[in-house]
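*Asks:* To start, I am sharing the structure in question, which I have written as structure tokens.
The values are calculated or read from the model by the stated rules, or taken from the named source; none is laboratory data. Being a predicted model, the structure only gives us computed values, none of them experimental. Virtual Cβ from ideal backbone geometry, glycine too; neighbours counted across all protein chains shown. Note: areas computed on protein heavy atoms with side chains; ligands, DNA, RNA excluded. Shrake-Rupley method; radii C 1.70, N 1.55, O 1.52, S 1.80 Å.
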Amino acid sequence: MGYAAFGDNSPGNLLTGFGFYNPYWLLDIANAAIVIHLIGAYQVYCQPLFAFIEKWAAEKWPKSQFINKNIQVPLPGGFRPYNLNLFRLVWHTAFVIVTTVISMLLPFFNERGWIARCIGILATDSLLPS
């Protein structure tokens, strides 16, 4: 649903764009579910990228203590210690910050529909010049 279905008439907020404003609590629950879903999906889809960069860095700098050293962090309650890797902590944090800033710089959905239109026009314009 969205640009593919409605084109330029696509609302910025799909939950309220069609005149569905009441009950407010239902919209709040739907927005919270969307946020929870996106946070989980973000973590799942980023794992291959994280693993690739960590493996590449470990192969590129095998003697680096920052990249390859695991710090044992004791956990209370008789649990086994947590292996903290400083490179992993810094890399994941920096990646999340950069992607969050980039996503904040993008305008809302209905204002970024121009990206889809430009891609479609670019393909036809380069193949079928006027």
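*Asks:* One residue is enough: does region 85-108 have a residue meeting the conditions of a type in the set (Gly, Ala, Ser), at pLDDT below 60 and surrounded by 10 or more Cβ atoms within 10 Å (Cβ to Cβ)?
*Replies:* No, that holds for no residue.
*Asks:* Considering region 41-82 alone, what residues qualify as being β-branched (Val, Ile, Thr) and closer than 25 Å to residue 98 by Cα?
*Replies:* Across region 41-82, the qualifying residues are 44, 53, 67.
*Asks:* Taking the residues in region 34-58 that are farther than 17 Å from residue 85 by Cα and open to solvent by less than 60 Å² (accessible area, probe 1.4 Å) as candidates, determine which candidate is farthest from the chain's Cα centre (by Cα).
*Replies:* 40
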